[in-house]
Each structure stands twice: as structure tokens, then as C-alpha cells.
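As C-alpha cells, the structure follows; a few thoughts come after it.
Read the figures in this text as sums done on the coordinates, not as results from a lab. Because the structure is predicted, anything quoted here is derived from the model rather than measured. Here the Cβ is made from the backbone with ideal geometry for all residues, glycine too, and neighbour counts use every protein chain on show.
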Amino acid sequence: MPQPSADPTIRVRIAPSPTGPLHIGTARTALFNFLFARHVGGTFLFRLEDTDVARSTEAYERDIIDGLHWLGITWDEGPDAAGGGDIGPYAPYRQMLRLDLYREASDRLLAADLAYPCFCTPEELDADRKAQEAARQPPRYVGRCAALNAAERAARLAESAPPPAIRFRVRPGIVGWNDLIRDRIEIDTANLGGDFVIVRGDGTPLYHFTVVVDDAAMEISHVIRGEDHVSNTPKHILLFEALRHPVPIFGHLPLILNPDGSKMSKRKSQTAVDDYRAEGFIREGLLNYFSYLGWSPGTEEDVLSIEEVIEKFDIDKVQKGGARFDRSRLEWLNGQWIRRLEPDELIDRLRPFLQAALVDGRIDRLPSDGEVGALLPVVQERLPTLAAVVDLVGFLWVDRLAIDPIVVVPKRWDAATTREALALGRDILAAHDAVTWEADELEPPLRALVETRGWKAGDLFMAIRVATTGRTATPPLFDTLVALGRDRTLARIDAAIETLAATV
RNA sequence: GCCCUCAUCGUCUAGAGGCCUAGGACGCCACCCUUUCAAGGUGGAGAUCAGGGGUUCGAAUCCCCUUGGGGGCACCA
């Protein structure tokens with residue numbers, strides 16, 4: 001990756017939580033941070049927010065790290081993608097390994113009475129919430145434990161009851177910031193829902209707290225994240241202030257939306273990057289597409305490499321409104337990038353998809369790289385995704401082809417004509433030996449046959465196409481027959497003739 | 001319910017007061033090419049710039065209101 005002039009004052013991060021496979025939204029946020037950092041030569045770091053122990057898994061962790069690296073979104077500091085330890089001056093970059101830091105920070109807040117222990121039980125909190133809901137009031141912490149004095153706290157602490165959580169005191173007033181993307185935003189802290197919990201009763205810290213402690217510790221200069229965090233930002237600013245650390249610059253990206261306009265969700269969209277990868281979307285296409293979701297260089301170019309996007313990226317040109325996910329546009333871009341791949345590269349990337357097809361029985365034999373390479377001239381421009389190769393030319397590598405006798409008969413013909421034409425065509429093809437089995441050798445004699453019989457070339461070709469491939473849509477017929485080979489071509493035509501005879 | 005926020009073709013967007021009778025791309029339609037399917041080429045339909053008020057000689061662009069959409073209000077992240 002090109003790094004123009006290194007700027008040590010720019011430090012951004014992606015901080016996913018390993019509670020699910022790599023999500024498109026996470027990838028997009030990571031990409032914009034990456035673009036922002038690379039454009040100016042800043043530092044991009046990766047931090048795992050794994051404090052939700054119940055939902056976090058190592059498998060998801062792996063999936064997120066691998067997925068981002070597969071896309072080419074690489075970080076300067078963070079977990080080693082190869083599986084080694086964390087790399088960077090602020091290691092570790094996993095929150096569960098930074099518990100001491102949060103403990104120390106919460107102690108400081110407690111000592112300064114900027115936070116206090118809260119003894120409320122889940123039942124009490126729940127009852128509060130229900131009452132507020134019934135009174136059509138916005139939910140907020142009622143402050144039951146806010147004014148406890150030292151003696152009362154000591155007494156409560158002495159009780160066996162569950163250990164207290166720690167709440168941060170929300171000070172009254174307006175909190176505002178100049179958002180990189182949406183300019184000035186101001187929020188009255190009265191709307192924050194009251195004092196909020198920063199440490200659970202079991203001692204583990206909560207997101208709002210860890211994110212601030214870590215962004216402070218890691219000297220993050222710009223927090224670029226999804227718009228869903230706008231209303232959390234005041235809490236974070238309050239915490240930065242309480243911790244006596246300069247407040248970073250915030251920038252809130254527009255969300256990626258479902259086709260119906262709601263926040264992207266698994267229910268309504270395919271959200272896992274893995275799933276797109278499995279379908280044969282390539283990183284170039286995905287990156288190009290994501291870059292243009294909520295951003296545009298302001299020119300009329302649509303197909304840009306990641307290097308070009310890095311060069312042109314400008315956070316000021318990021319859109320404010322959310323962007324709906326448009327799969328057909330992604331497919332088009334993906335096809336554009338597949339067409340731009342070098343032959344050897346494309347063969348490499350196709351291989352896993354061919355292997356997968358072999359494993360699940362859609363093909364019976366794995367073609368050699370040479371075979372695939374020979375096909376590229378007619379296949380490359382026909383692939384919206386890599387996986388589409390099996391649909392396109394998988395018939396080349398199956399042992400037994402199922403022919404639908406209805407489909408093999410061209411619209412203008414009947415079964416008898418088709419059988420006759422296939423037989424005549426077969427004999428003409430059989431006259432070729434291995435040396436003359438070439439596309440431009442095969443075609444003329446068949447056209448001559450069509451001429452003498454007064455047929456349409458398209459009809460004969462279609463009958464042969466379906467007989468030899470089982471499909472009505474294929475790459476150019478004669479290139480296909482060459483790929484199939486003389487023996488299999490003749491055998492398949494024979495089989496088709498037989499099938500036709502049986503049905504007449 | 002409360003708070004925040006957004007608003008240009010179906011979709012992604014260009015547009016920073018006159019260059020806009022609003023441009024590009026995807027998708028869609030037609031034609032060309034053509035043995036099918038793609039790709040490619042050409043052309044077309046498609047947005048009274050959400051609506052209403054201002055400001056201005058002049059507004060998609062600035063201000064206000066309305067409407068609509070989205071997000072957030074946890075001992076989740």
C-alpha cells in the first residue's frame with residue numbers, strides 16, 4: 001500500500017466485536033478508516049472489543065481478521081493476522097487483555113466521585129423502565145444510588161447481595177462536537193438516559209467505557225464510525241473529559257441500508273462478507289463497491305482500484321444520508337474486475353470454486369489449469385462472479401449429461417427433423433480428426449449442411465448445443481465443442497439422438 | 001414517548017447561488033453486433049431536485065416550517 005507522507009498525528013482504528021462473522025458494515029467502516037489513514041499516511045489500527053464474553057468467540061475473531069485481510073484492509077497495529085501476538089506500541093489490542101487499564105480508570109473516576117457504585121438489581125431497573133414506559137416517559141436511570149453517602153455505601157457493600165455495578169455521573173449541560181461529516185452536533189445530556197453503567201457487577205467493563213479508555217490510551221486522533229453511534233458520542237466525550245484526555249475528532253459515516261431503507265440486517269440482507277466471498281465476489285469488486293457507498297470522488301469514473309481510491313479519498317465528500325445496498329450494481333462491478341484479472345490470476349481464483357463443485361458433485365472431474373486457461377477467452381467476460389463458472393461451463397466436466405428431449409428440439413423444428421439434423425451433423429463432425437478439431441474448421445461444413453437443407457444455422461447449432469451441453473445458453477458453440485473434445489462431443493450427440501428416439 | 005439526524009431519477013451518486021430546459025453509473029427498454037448467452041456499441045424512458053414558505057435580480061444549492069425516512073435511548077457492541 002502506498003503511504004505518501006507519513007503523518008504520525010493521524011491515528012484511526014476499527015474496533016469490531018467478535019460476536020458474529022465479519023459484517024459488511026464492519027468491513028465498510030474499516031475500509032473508510034483505512035482509506036482515511038492511507039490517504040494521509042496516518043496509522044490504522046485494529047482493536048478487538050471482546051468484553052461481551054457471552055457472545056464473543058475465537059472463531060468470529062479469526063473470521064473478522066481473515067476477512068479484512070482477504071479484502072486487503074490491513075492494519076499497522078493490532079493482532080497479527082498470521083496468528084502471532086499483537087503488534088504495535090500499545091499492545092495488547094484485545095480488550096479482555098486490558099482489564100487492568102479499565103480497572104485503574106474506573107478507580108480514578110470513583111476516587112474523584114465522577115462515578116459511584118450502584119446497587120440496583122435488574123428487577124428494580126426493569127420495574128423503573130416499565131413504569132416509565134407506562135407513563136410514556138423516555139427510559140432513564142432514576143438515580144437511586146447516586147446520592148448514597150459513604151456510610152450507606154459501606155452498609156450496602158457489606159450485604160451479601162450481588163456486587164455493585166459502577167455508574168458514571170452524567171453532568172448537566174450541552175455536549176457538542178464538530179463532526180467531520182455532519183458538522184456541528186449538540187446534545188443536551190438530559191437526554192442521555194441518566195447516569196450510565198461503565199462496569200458490570202461482575203467487574204467487567206462495558207463498551208462505552210472501554211472504547212474511551214482505549215481510544216485515549218492508544219492516542220486515537222479521529223474516531224470514524226457508523227452513524228448509529230451519534231447519540232453515544234456525548235457519553236464518550238463526557239468520559240474523555242472525566243479521564244482528562246483530549247477529545248478526538250469524530251466523524252459519523254452514513255449507514256448501509258437494506259434495500260427497503262432500514263438499517264442493514266441479517267434478516268433482510270446477506271450481511272456476511274464470507275457469503276459474498278463464497279459466491280465468488282472478488283476483493284477488487286467488493287472494495288470498489290463499498291468505496292462508492294456513501295462516497296464518490298466527484299468525477300464520472302466508476303471503476304477504481306483501491307490505490308486510486310486511496311489517492312482520491314476525501315472525507316469531506318462522504319455523503320450524509322444512508323445508502324441502500326444494491327446487489328446488481330455490486331455484480332456489475334465484480335464482473336468489471338473479473339474481466340480485468342490476468343489469466344493466471346483468474347485461474348488461481350477459479351480453482352477453489354471448481355474444487356467446491358467437485359466436492360458437492362456438480363462436476364465429476366477437476367479440469368487442469370491448462371484446460372481452464374484455454375477456456376478463459378470465452379469465459380472471462382461471461383462471469384459476474386467466480387462461482388458462476390460452474391453454471392457456465394460445468395457441463396464440460398461431468399460424466400453423464402442429462403438431456404431434456406423437449407429442450408433439444410429447436411422451436412422451429414420437430415423431433416424427427418432434430419434427430420436427422422443431429423445425425424447428419426454428427427457425421428460431419430466425425431469427419432474431423434484431432435488435428436482439425438478447431439473452431440474455425442468445425443463451423444464451415446456445418447454451415448454448408450444448413451445451406452443444402454434450407455435450414456437456419458441457429459437451429460442446427462442450438463440442437464447441437466443442447467445435445468452436447470444440456471443447456472440453451474453457453475459460450476460460443478464451436479469453442480465449446482473444442483473444449484469438450486471430439487470423442488465426448490460425438491458420444492453426447494449419439495446419446496441425444498437415442499434419447500430423442502426413445503421419446504418419439 | 002424522548003433525543004439526534006437525513007432528504008437529487010427505482011438504486012448509487014454529480015451538484016458548494018447563475019455553467020442545470022439537473023450530468024454519470026447500475027438496473028430497465030430498443031437497436032446494432034450475433035449460432036445461444038454474455039461482453040461491447042448506439043439510443044431511449046426515468047428526478048416539477050419531498051412539500052410549503054422566505055432570502056436574492058437569480059436557489060437543487062442559503063434560512064424557516066411541514067412531511068417522510070433513518071438512527072439511538074441496556075449491567076449489548
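With a ≥ b ≥ c taken as the square roots of the eigenvalues of the C-alpha gyration tensor of region A:252-375, please select rounded if a/c is under 1.5 and otherwise prolate if a/b is larger than b/c or oblate if it is not?
oblate
Quick one: how many lysine pairs in chain A have C-alpha atoms under 24 angstrom apart, if they're 8 or more apart or on different chains?
The number of close lysine pairs in chain A is 9.
Among A:T43, A:T233, which comes first, second and so on when ranked by fewest other beta-carbon atoms within 10 Å?
Least to most surrounded, the residues fall as A:T233, A:T43.
Let me check I've understood the local charge: for A:Y141, count other residues with C-beta under 13 angstrom from its C-beta, Lys and Arg +1, Asp and Glu -1. What total comes out?
For residues surrounding A:Y141, the net value is +2.
What does the extension gain come out to for A:D302 and A:D100, with contour length at 0.36 nm per residue minus their alpha carbon separation?
Full extension from A:D302 to A:D100 adds 67.9 nm.
Find how many whole Å separate the alpha carbon centroid of region A:127-153 from the alpha carbon centroid of region A:175-224.
21 Å
Cα centroids of region A:297-329 and region A:368-394: how far apart, whole angstrom?
What the calculation gives is 29 Å, centre to centre.
With a Förster radius of 51 Å, plug the Cβ-Cβ distance of A:E124 and A:E311 into 1/(1 + (r/R0)^6) and report the FRET value to the nearest 0.05.
The formula returns an efficiency of 0.35 here.
Based on DSSP, what percent of beta bridges with both residues in region A:47-194 are antiparallel, to the nearest 5?
Percentage antiparallel, nearest 5: 90.
Could you give the size of the charge dipole of chain A about its Cα centre, using +1 on the Cβ of each K and R and -1 on the Cβ of each D and E, expressed in debye and rounded to the nearest 20?
1500 debye
Please label the shape of region A:82-188 as rounded, prolate or oblate, based on the square roots a ≥ b ≥ c of the eigenvalues of the alpha-carbon gyration tensor (a/c under 1.5 means rounded; beyond that, a/b larger than b/c means prolate, else oblate).
Taking the square roots of the gyration eigenvalues as a ≥ b ≥ c, region A:82-188 is oblate.
I need the Kirkwood Rh of region A:1-62: take the reciprocal of the average 1/r across all distinct C-alpha pairs and report it in angstrom.
12.6 Å
At most 14 other Cβ atoms within 10 Å and a DSSP loop assignment: could you name the trypsin sites (Lys or Arg not before Pro) in region A:295-360 that fit?
Those satisfying the criteria are A:K320.
Mean residue ellipticity at 222 nm from the helices of chain A, using -39,500 (n - 2.57) per DSSP H segment of n ≥ 4 over the full residue count, to the nearest 500 deg cm²/dmol?
Here the helix-only value at 222 nm equals -14000 deg cm²/dmol.
Can you pull the one-decimal nm distance between simple spin-label points at A:K263 and A:D348, each 7 Å off the Cα toward Cβ?
According to this spin-label approximation, the distance is 4.0 nm.
No partner Cβ under 4.7 angstrom, meaning no disulfide-compatible partner by this rule: which Cys of chain A qualify?
Lone cysteines by the Cβ rule: A:C120.
Determine the sum of side-chain charges near A:G370: Lys and Arg each +1, Asp and Glu each -1, restricted to other residues whose C-beta is under 13 angstrom from that of A:G370.
-2
Can you give the net charge of the other residues whose Cβ lies under 14 Å from the Cβ of A:P162, counting K and R as +1 and D and E as -1?
Around A:P162, the surrounding residues sum to -2.
Calculate one ³J(HN,Hα) per residue across region A:264-281 by plugging θ = phi - 60° into the Karplus curve 6.51 cos²θ - 1.76 cosθ + 1.60, and present them in order as whole Hz with x for glycine and proline.
Along region A:264-281, the couplings run 4, 9, 4, 5, 9, 9, 7, 9, 7, 4, 3, 5, 5, 4, 5, 7, x, 7 Hz.
On full extension of the chain, what length is gained from A:V407 through A:Q319, given 0.36 nm per residue of separation minus the C-alpha to C-alpha distance?
Contour length minus the Cα-Cα distance gives 26.7 nm.
Roughly how far apart, in whole Å, are the Cα centres of region A:412-426 and region A:58-117?
70 Å
Can you compute the charge dipole magnitude of region A:237-326 about its Cα centre, using +1 on each Lys and Arg Cβ and -1 on each Asp and Glu Cβ, nothing else charged? Give it in debye, rounded to the nearest 20.
The calculated dipole for region A:237-326 is roughly 640 debye.
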